[in-house]
Amino acid sequence: MWQDSDNLRDKIVITMPASLVERGEVANSCIRNLKIPFPALLDDFRNSTERAYTGWPDRLYVIDRAGRIAYKSRPGPFGFKPAEVASTLAALTGQH
């Protein structure tokens, strides 16, 4: 069982997922409860994406259509600059 002090205070206790289906259910619950308004991807159990993209501490990324990093934020949450993400997305989609 995974817990931290903030989660215990908020009475959030999550059993460590044993399958990708369970991991997806936990992710979906977080997306709904935190009202995350953008698509999220599910990493594998080896956390390959986290390791490849320095996912910890939290960062925001924009990946272009060729699979290259077009934008990488400073560590979050204080390094998150949503306007920079929006500007990068606009430039990539020709909507500036």
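The values are calculated or read from the model by the stated rules, or taken from the named source; none is laboratory data. Note that the structure is predicted; figures quoted are calculated from it, not measured. Cβ atoms come from the backbone with ideal geometry, glycine included; neighbour counts cover every protein chain shown. Side chains included, ligands, DNA and RNA excluded: accessible areas come from the protein's heavy atoms. Shrake-Rupley method; radii C 1.70, N 1.55, O 1.52, S 1.80 Å.
Within the stretch 35-57, the residues that satisfy the criterion of being open to solvent by less than 80 Å² (accessible area, probe 1.4 Å) and part of a loop (DSSP other than H, G, I, E, B) are 36, 40, 43, 44, 47, 53, 54, 55, 57. Among the criteria (1) in contact with a Leu (Cβ under 7 Å, 6 or more places away or on another chain); (2) assigned to a loop (DSSP other than H, G, I, E, B); (3) not aliphatic (A, V, I, L, M), the one residue 24 does not fulfil is (2). Scoring residue 73 on the criteria (1) open to solvent by 50 Å² or more (accessible area, probe 1.4 Å); (2) under 30 Å from residue 91 (Cβ atoms) leaves a single failure, condition (1). Cβ-Cβ distances below 7 Å connect the following pairs, each with a first residue in the stretch 2-14 that is within 20 Å of residue 25 (Cα to Cα) and hydrophobic (A, V, I, L, M, F, W, C), a second residue that is loosely packed, with under 10 Cβ neighbours inside 10 Å and modelled with pLDDT under 75, and a separation of six or more residues or different chains: 13/1. Total residues in the stretch 19-34 satisfying the condition of being within 13 Å of the chain's Cα centre (by Cα) and loosely packed, with under 12 Cβ neighbours inside 10 Å: the figure is 1.
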